[in-house]
Structure formats: structure tokens, C-alpha cells
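To start, the structure under review is shown below, and the notes come after it.
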Amino acid sequence: MLPFPGKDDDMHKEYLMGNAAIAKGALAAGLNVITGYPGTPSTEVLETAAKAVPDIYVEWSVNEKAALEVAAGASYCGARSMVTMKQVGLNVASDPLMSLAYVGVEGGMIIMVADDPGPISSQTEQDTRTFAAYSKLPCFDPSSVEEAFAMVADAFELSEKYHTPVIFRPTTRICHGYASIDVPDKDEWYVNKPKGFERDTSRWVIFPGLSYRAHMAIEERNRALSADSYKGNLIIEGSRKGIASHGISAAYVREITDGMEDAPTLFKVATPFPFPEDRAVEFLSSVDEVMCIEELDPVIERELTYLCGKHHLPTVIRGRLTGDVHTAGENTPTYVKDVIYRYLGIACPEEDVPTDAPKLPVRPPVLCAGCPHRASFYAVKVAMRGKKTVFCGDIGCYTLGNAQPLDMVDTCLCMGAGVNIAQGIGRIEPDRYCFAFVGDSTFFASAVTGAMNAVYDQADMTLVVLDNSTTAMTGHQPHPGTGRTMMGEVVEKIDIEAVLHGAGVETVVTVDPFDLEKAVNTVRCIADLEGVKAIIFKSPCAVITKPDKPYVIDKDKCVECRACIRRIGCPAIVISDGKTVIEPSICVGCGLCGQTCHLKAIVPSEQ
Amino acid sequence: MRGDILTNILLCGVGGQGIVLTSKLIAAAAMEKGSPVRSAETIGMAQKGGSVTSFLRIGECHAPMFGEGEADIMIAFEPAEAVRELRYLKKGGTAIVDTHPVMPVTAALTGGGYDPSVMMEHLDKSGVKVIALDAQALAAEIGSPRTMNMIMLAAAVRSGVLPFDIDHVAEVMKKTVQPQFVDINMKALYSVTV
Ligand code: SF4
Ligand code: SF4
């Protein structure tokens with residue numbers, strides 16, 4: 001029941017992003033349901049799979065926990081399902097995950113978690129391989145786009161064979177790398193027909209007795225998997241010096257050592273958990289020394305060190321724990337080369353790096369021209385000037401409100417945390433005006449419960465919902481407030497104001513942040529009320545809104561005080577030949593700058 | 001080794017200049033010739049204006065990115081970005097550089113502007129072959145600022161480092177862009193003669 005035979009004439013070439021390859025691999029292997037919550041670098045998996053609607057069910061769920069549960073339910077019925085998220089999303093989904101590991105599944109289920117060494121666009125450098133070991137779930141770690149494609153089918157097979165969800169964890173360079181790969185034609189794809197849910201309380205209802213038996217079975221299964229190594233765990237024979245690696249680092253290692261005289265023996269680990277013990281011992285016995293080149297946690301290094309002890313092997317294991325490899329950040333090709341050359345005693349060619357390189361401009365990310373968050377932050381800033389305040393931020397484009405000149409984010413922890421952080425600060429400093437800023441998507445994902453907590457436990461704070469009617473930072477995905485689903489349906493929106501009222505917030509005021517005077521007055525009135533109160537700043541994301549006529553600065557009125565620049569820092573306001581001007585190709589005509597100029601020198605253009 | 005058949009290309013510039021699109025067109029042109037292609041991009045968040053790079057490799061290889069000093073050619077859409085990524089270009093490699101600067105969006109606030117001629121001088125004395133052009137101005141002459149990436153691509157093809165010629169790129173371009181943009185892009189591709 002291999003999903004595709006792999007004959008060349010049934011294949012065609014496609015130039016695919018890793019995430020697209022994962023989605024296509026899943027579709028080719030009979031995917032029925034895919035759910036997820038957007039997060040870089042995982043987002044494109046679900047978006048690519050969504051092109052197969054209506055043949056499959058696709059959902060951007062409210063958060064990762066809900067997504068995982070929907071996929072699990074489908075899998076209980078025999079569907080092949082996939083749930084996608086980034087590594088920090090797995091923290092949110094970990095409650096159902098830990099239990100599902102015991103209960104198991106019927107149809108194949110893949111938990112696709114993208115890790116982000118660097119980190120390039122995440123809060124943490126956590127390693128999902130470690131999470132796999134903690135949850136005792138089999139884990140796949142692809143090292144190229146084509147391997148990712150093929151591995152998805154293997155992951156489904158393993159999942160069904162052992163009735164367990166499996167973790168599939170690419171990293172950013174796999175997710176966002178492209179390659180021209182062979183893809184089977186659509187009529188070669190496997191079609192999975194779910195047989196439906198079969199009632200069996202001894203299987204689907206988790207109880208201590210069941211958990212005890214399941215725990216024993218899991219340990220036994222994992223022992224068996226350790227001995228029966230997956231084909232992707234490769235040894236490439238070479239000298240008595242070994243290099244163990246995984247993921248994208250394995251591709252770098254391969255490339256650097258390819259064609260070397262007296263090349264080292266390579267070990268690529270494709271299933272970090274359960275660790276391929278037999279294959280690893282075979283590798284360890286063939287070398288005197290091993291350099292482990294890994295990203296995030298030293299998973300392979302620890303396993304190899306343990307196996308040397310267990311099997312009384314004299315092989316020396318080196319890597320991050322021995323200080324030979326850096327302990328944080330991404331492995332670049334240049335860095336990996338450096339480590340390998342040092343390890344093998346190859347002299348690095350002298351780099352005559354020019355030392356006189358000119359100072360380069362920095363290009364930090366900023367809120368877009370016309371971004372409604374700029375207006376919202378500015379309104380609160382003006383309203384609360386001179387008062388003792390704290391501004392608790394959250395995860396989204398609006399985290400950029402921390403930059404100058406707005407400087408309006410004092411804390412940022414994780415999705416939805418701002419509201420309860422503000423609550424905690426207020427408990428210690430009751431004289432401080434505590435604000436929490438949260439975007440609409442993040443509000444639904446995990447701030448609703450926080451708001452209820454704050455209300456019920458008598459907090460004194462202002463919740464500011466920055467409602468731009470989309471999930472902007474990850475590329476504008478729908479959420480319950482947008483009124484559309486990934487299945488293409490137009491549905492009733494869930495009203496944030498009604499949700500807040502329902503949660504016990506009595507005062508909820510919705511205001512357009514671009515009506516600056518009204519916005520400032522609203523903040524002033526609301527901030528002084530007791531208890532938990534909310535302001536919803538409602539205005540759509542500038543990127544998905546048709547731009548208005550650009551604004552211009554009236555040369556005769558402008559006195560070059562540059563207050564507009566110092567107050568709001570819109571990227572469309574630039575200095576050209578010593579004069580403050582608005583760049584018409586960037587300006588979207590939001591009008592905020594016009595309201596900040598006391599001389600009324602900024603006006604809509606005539607065109 | 002594989003050196004003679006592997007071509008490493010680095011594209012760099014600023015968000016919104018069409019770098020990813022250019023990278024995809026080169027990839028399509030290479031695939032049309034039957035060559036394997038890998039690439040990797042570093043792109044920022046939804047906001048525009050950050051540095052963007054695209055690593056592109058034509059030929060047999062394992063990884064989508066290559067190390068410093070390994071690019072055969074750099075196609076830089078902006079002079080300061082060319083200097084920023086210069087370390088990836090091999091000694092004697094070719095740098096196609098648009099001389100038109102893009103100031104950081106925060107320049108007005110922080111005074112972080114710079115002088116592009118300083119960047120060009122630095123490139124000139126760094127041991128690489130520099131082909132400088134004002135693609136922005138050329139694109140404006142042709143009548144569409146959006147053809148700037150075609151002009152950069154044409155200059156790269158004319159340098160002879162890429163494993164195909166301009167007629168081949170033109171054929172592939174015709175198949176990939178929307179019909180109404182074919183003529184203007186053709187004009188841009190054949191406008192570069194350096
Ligand atoms: S993408 Fe939308 S929400 Fe994000 S910074 Fe730009 S305008 Fe603001
Ligand atoms: S109107 Fe003013 S604030 Fe709005 S985008 Fe244009 S320059 Fe920026």
C-alpha cells in the first residue's frame with residue numbers, strides 16, 4: 001500500500017518550497033484533514049494544502065491546541081490528518097499532545113512542528129526533538145526538501161502501523177528552502193477513505209488504568225523502533241574520524257566533506273526519537289572520535305555519549321557539551337565548514353577580509369506606512385503622557401510598537417500573556433495605569449481566557465484590542481473575527497465586543513484610531529474607570545487595504561520642525577535634499593501625520 | 001570537483017525590489033535546461049524595507065545555501081546591500097550592482113543615510129569584477145520602473161556567468177509573466193548590452 005510506485009514516467013519536476021513539498025507529500029499520501037495555527041516558518045504547509053479544497057478539510061484553528069484536537073478527532077475516524085504549527089505553538093498544544101500519545105490514533109496523524117534555529121522569527125530556540133522524547137512520540141527530522149517530501153508518507157505509514165501520532169519537525173532552512181524535485185502525478189496519489197468512528201471506551205477514554213497499560217506499550221514500541229532503524233538514518237563510510245549530524249546541518253556536512261581526501265565517516269540521524277541505537281552503535285564502532293554538529297539541543301551528542309557508556313565503547317564524543325560547537329544560534333555553511341576544518345586539522349585559507357568596510361545602513365523592521373497600530377499606540381501615548389503607566393505588549397506586528405519613536409511596548413512574553421502580566425503588575429503597583437495591547441488573532445488564540453481571569457479576580461487595567469481584521473504578521477490568515485474560513489465559506493463573525501461583554505467586561509468602546517482626537521479622548525476617559533475595561537481600536541491592516549490618495553507637505557507652511565517624524569515615525573516621511581517630504585510611492589494616505597502637525601502643513605494631495 | 005558545473009548565485013537588495021521573483025525566473029530558466037536547482041531566501045516579516053537575500057544554486061549540490069566566498073556571481077539591487085553581502089562572493093567573482101541607493105526607512109528619524117559612492121569605491125577595490133549600472137534609471141527610460149529586476153537579470157546573463165543566454169531567459173519569461181507585461185519585459189531584457 002505504498003502511496004506511489006515511483007516510476008519515472010509517473011513523475012514530473014516541480015520547484016517547491018520545503019513547506020509546499022511537505023504539503024504535497026501529505027496530499028500524495030492521502031491527506032484528509034489539515035489544521036493549524038499560523039506561525040513562521042510553518043505557515044505555508046497548510047496554505048499549500050488548502051489548494052486541494054474541497055477534496056480535503058482545511059482549517060486555520062483558533063489556536064494550536066484546538067487545531068491538534070480537531071486533527072486527532074478526524075484521525076480517530078481513520079482519516080489521515082496533519083496539524084501544523086511553529087515550535088512555540090507546540091507549547092500551547094502540549095496538553096492534548098501528551099495525552100494523545102497515550103490514547104493513540106486510528107488514521108495516520110502527523111504533528112508538523114517547524115523549529116527555528118537562530119532564532120530568526122521566534123521567541124525561543126526550543127528543540128522539538130527534545131519535546132518528542134518528552135512526549136515519547138516518534139520524530140522525523142528531514143535534511144532536504146526532497147527528503148521532507150518522501151518522509152511524510154513514511155511518517156503516515158509509521159503512525160498507522162503503531163497507532164500513534166508522530167512528530168515531523170523541519171527547521172527554517174528546510175521549510176523555506178526551495179528545490180527542483182520529482183513529484184508523482186496526481187493520478188498516482190494514494191486516496192485514503194476514513195472508515196468512521198468506532199465506539200470503544202477502553203480505547204478512546206483516558207483513565208489511569210488505560211494510561212498505565214499504554215505507558216508500558218509505548219516503552220516497548222519505542223525500544224522496537226530503536227532497533228529497527230528508519231532508512232533515512234544513513235552512514236556514509238570514511239575515515240576513523242566521524243561526524244554525526246541531522247537536518248540542514250547534515251546537508252552542509254555532506255557538501256563540505258564530499259570529495260575530500262580521507263573523508264570522515266558521516267552519520268545522519270533522521271529519526272532523533274526513538275534514537276536509532278543499532279545504527280548508532282554500528283557507526284560508533286567504526287570510528288575513534290565523533291564531532292556532533294547539531295542545531296538547538298545536543299540531542300545526538302547526548303545519545304551517543306550514553307550509548308558509548310552502555311556499550312563500553314572507547315569512542316570520544318565531541319560537540320556542544322565539550323565546547324567544540326557553539327551552544328546557540330543557527331549553523332551556517334560557513335560555520336559548519338569552520339568546525340569541520342578545525343576538527344580535521346585542515347588549514348583554513350587565509351581570508352584577507354578588507355578591514356576598511358564602510359559603515360552600513362541598518363534596516364530594522366518597522367510598522368508599515370499607514371499601519372493602524374501606529375495610530376493606536378500614538379493615541380494612547382498622547383492620552384497617558386505624564387502618567388505612571390506600563391504598556392504590556394503581545395505577539396504580532398504590533399510588537400514593533402516597541403521601536404522609536406513610539407516606544408510603547410514595555411513587556412512581551414508569549415501569545416496572549418500581556419493581559420495577565422498587566423494584571424500582575426497592577427497587583428504590586430496599584431497606582432500604575434496598566435495597559436495590555438493584544439491583536440485580534442492573538443485575542444481569539446489565547447487572550448480571552450486571560451481577560452476572564454482579569455475580570456473575575458478584580459484586576460484594574462485597560463485592555464486594548466488592536467483589531468485590524470486579520471492575522472497580519474504571518475501573511476493575513478483568517479480567524480474567528482474575519483468572517484471567512486479556509487474552506488472558502490463566508491460565515492458569521494465572532495464579535496470581539498460581544499465576547500468581552502460576555503466575559504464580564506462592562507465597558508467596551510470601539511473607536512477608529514485614525515480619528516486621533518476621539519481616540520485620545522476615549523483613552524483618557526476609559527483609563528480612569530475602575531476594574532477591567534476595554535478599548536477596541538478598529539481599522540484594517542494597511543497591507544490589505546486599497547491605498548488612499550497620498551498626503552503631501554505644504555512647502556509654504558512647513559517650518560521643518562520635523563515633529564511629524566519624531567512623533568509617529570511613518571516610513572513614508574523622508575528627508576530629501578534637507579526638506580521633509582512624503583514619498584508618494586510609500587504613503588497610503590492614512591492621514592495620521594496630518595493630525596499630528598500643529599501648523600496643518602500636511603494635507604491630502606490633489607491627484 | 002563539481003565546481004565546473006555548479007553555479008552559485010547570490011541576489012540581494014531591499015524588500016519590495018522583486019528579488020524573490022528574479023530568483024524564481026533564474027530557477028525556471030535553469031530547470032528548463034534540465035539542471036537541478038536549489039535556493040533559500042531570507043525574508044523578513046510582512047513589513048517592507050528590510051534587507052533581502054536569495055541564495056540560488058544551479059547544478060548538483062546538497063544544501064540550498066552556500067558559505068562565504070562561494071558565490072560565482074552576486075546580483076545586488078542596492079549598493080549598500082552589495083557591500084553587506086560581499087563576503088559571499090568569491091575572489092574574482094562578478095558583482096552586478098545597481099548604483100541607485102535605497103535609504104533605510106528609518107533614515108529620517110535616526111539620520112542613518114549614507115553615500116552610495118563610498119559603497120561603490122569599496123566594491124571597486126575589493127578584488128571582484130564590478131559591473132555597475134543604474135537599473136532604476138534604465139527602467140524609467142523604458143517606461144516602467146518595475147522592469148528594474150529584468151534589467152539586473154539581463155546584465156547578469158550578459159556577464160556570461162549564468163549557464164544560459166538572454167534568448168533562453170526571454171523564452172522562459174514569456175511563459176511565466178502575465179501576457180500584458182511580456183512586451184515591456186522583452187524591451188528591458190534586450191536593453192542591456194554591457
Ligand atoms: S502588515 Fe498590517 S498590521 Fe502589520 S505592520 Fe503592516 S499594516 Fe501594520
Ligand atoms: S498619510 Fe502620513 S502617516 Fe499616513 S501613510 Fe502617508 S505619510 Fe504615513
Legend entry - The listed residue being open to solvent by 20 Å² or more (accessible area, probe 1.4 Å) and in a helix (DSSP H, G or I), out of A:89, A:73: A:73
Legend entry - Selection from the range A:568-583 of residues that are crowded, with 20+ Cβ neighbours inside 10 Å and not β-branched (Val, Ile, Thr): A:569, A:570, A:571, A:572
Inset, instruction - Could you identify the single residue in A:235, A:167, A:181, A:206 that is hydrophobic (A, V, I, L, M, F, W, C), over 30 Å from residue B:42 (Cβ atoms) and touching a Lys or Arg at 6+ places or on another chain (Cβ under 9 Å)? - result: A:235
Legend entry - Given (1) more than 16 Å from ligand 1 (Cβ to nearest atom); (2) at the interface with another protein chain (Cβ under 10 Å from one of its Cβ atoms); (3) open to solvent by less than 60 Å² (accessible area, probe 1.4 Å); (4) not in a strand (DSSP E or B), number of the condition residue A:558 does not satisfy: (2)
Legend entry - Near pairs, Cβ below 8 angstrom, 6+ apart or cross-chain, from the range A:575-592 (among the basic types (Lys, Arg)) to any residue that is open to solvent by 50 Å² or more (accessible area, probe 1.4 Å): A:579/A:555; A:579/A:560
Legend entry - Every residue from the range A:584-607 that is near ligand 2 (Cβ under 7 Å from one of its atoms), open to solvent by 10 Å² or more (accessible area, probe 1.4 Å) and outside any loop (DSSP other than H, G, I, E, B): A:593, A:594, A:602
Legend entry - Members of the range A:153-208 found to be within 14 Å of chain B (Cβ to nearest Cβ), of a type in the set (Gly, Ala, Ser) and surrounded by fewer than 24 Cβ atoms within 10 Å (Cβ to Cβ), listed by number: A:180
Inset, instruction - Kindly provide the set of residues from the range B:168-194 that are farther than 19 Å from residue B:136 by Cα and assigned to a loop (DSSP other than H, G, I, E, B), ordered by number. - result: B:177, B:178
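Conditions tested, residue by residue: (1) out of contact with any Gly (no Cβ under 8 Å at 6 or more places or on another chain); (2) not hydrophobic (A, V, I, L, M, F, W, C).
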residue	(1), (2)
A:220	yes, yes
A:225	yes, no
A:229	yes, yes
A:235	yes, no
A:243	yes, no
A:258	yes, yes
A:268	no, yes
A:271	no, yes
A:287	no, no
Legend entry - Neighbours by Cβ (under 7 Å, 6+ apart or cross-chain): first from the range A:422-435, assigned by TED's automatic domain parsing to the domain that holds residue A:451; second among the small types (Gly, Ala, Ser) and not in a helix (DSSP H, G or I): A:422/A:436; A:423/A:459; A:426/A:459
Inset, instruction - Run down A:579, A:533 and say which single residue is at pLDDT 95 or above and either more than 16 Å from ligand 1 (Cβ to nearest atom) or small (Gly, Ala, Ser) (or both). - result: A:533
Inset, instruction - Within the range A:495-511, track down each residue that is crowded, with 16+ Cβ neighbours inside 10 Å and either modelled with pLDDT under 95 or farther than 10 Å from residue A:536 by Cβ (or both). - result: A:499, A:503, A:505, A:507
Legend entry - Candidates A:339, A:362, A:380, A:366 - the one that is within 28 Å of residue A:471 (Cβ to Cβ), more than 16 Å from ligand 2 (Cβ to nearest atom), among the hydrophobic types (A, V, I, L, M, F, W, C) and within 14 Å of chain B (Cβ to nearest Cβ): A:362
Inset, instruction - Answer yes or no: is there a residue in the range A:452-459 that is within 16 Å of ligand 2 (Cβ to nearest atom), assigned by TED's automatic domain parsing to the domain that holds residue A:535, touching a Gly at 6+ places or on another chain (Cβ under 9 Å) and closer than 23 Å to residue A:37 by Cβ. - result: no
Legend entry - In the range A:362-401, the residues that are more than 16 Å from ligand 1 (Cβ to nearest atom), at negative phi and surrounded by fewer than 23 Cβ atoms within 10 Å (Cβ to Cβ): A:362, A:381, A:382, A:383, A:384, A:385, A:387, A:388, A:389, A:390
Legend entry - Residue check, residue A:415 over 17 Å from residue A:380 (Cβ atoms) and buried (at least 24 other Cβ atoms within 10 Å of the Cβ): yes
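From the residues in the range B:80-113 that are acidic (Asp, Glu) and in a helix (DSSP H, G or I), which one is least open to solvent (accessible area, probe 1.4 Å)?
B:81
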Legend entry - Any chance residue A:386 is touching a helix residue (DSSP H, G or I) at 6+ places or on another chain (Cβ under 8 Å) and not assigned by TED's automatic domain parsing to the domain that holds residue A:596: no
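Out of everything in the range A:526-553 that is closer than 18 Å to residue A:418 by Cβ and either open to solvent by 70 Å² or more (accessible area, probe 1.4 Å) or not small (Gly, Ala, Ser) (or both), what residue ends up being farthest from ligand 2 (Cβ to nearest atom)? Even if it seems obvious, please write down each step before you answer.
Of the range A:526-553, the ones closer than 18 Å to residue A:418 by Cβ are A:526-527, A:531-537.
Filter once more, so that each one left must be either open to solvent by 70 Å² or more (accessible area, probe 1.4 Å) or not small (Gly, Ala, Ser) (or both): A:526, A:532-533, A:535-537.
Numbers: A:526: 25, A:532: 32, A:533: 28, A:535: 21, A:536: 21, A:537: 16 Å.
Once the filter is applied, the top-ranked residue is A:532.
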Inset, instruction - Can you work out which of the residues in the range A:392-445 that are more than 16 Å from ligand 2 (Cβ to nearest atom), assigned to a helix (DSSP H, G or I) and within 14 Å of chain B (Cβ to nearest Cβ) is nearest to residue A:63 (Cα to Cα)? - result: A:441
Legend entry - Residue that is nearest to the other protein chains (Cβ to nearest Cβ) [pool: residues in the range A:460-481 that are open to solvent by 10 Å² or more (accessible area, probe 1.4 Å) and more than 16 Å from ligand 1 (Cβ to nearest atom)]: A:480
Inset, instruction - At least 2 residues that are of a type in the set (Asp, Glu) in each: list the helices (runs of 4 or more DSSP H) lying fully within the range A:151-230 that qualify. - result: A:208-227
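The values are calculated or read from the model by the stated rules, or taken from the named source; none is laboratory data. Only a predicted model underlies this, so the values are computations on that prediction, with no experimental measurement involved. Positions of Cβ are generated from backbone atoms using ideal geometry, with glycine treated the same way; all protein chains shown enter the neighbour counts. Note: areas computed on protein heavy atoms with side chains; ligands, DNA, RNA excluded. Shrake-Rupley method; radii C 1.70, N 1.55, O 1.52, S 1.80 Å.
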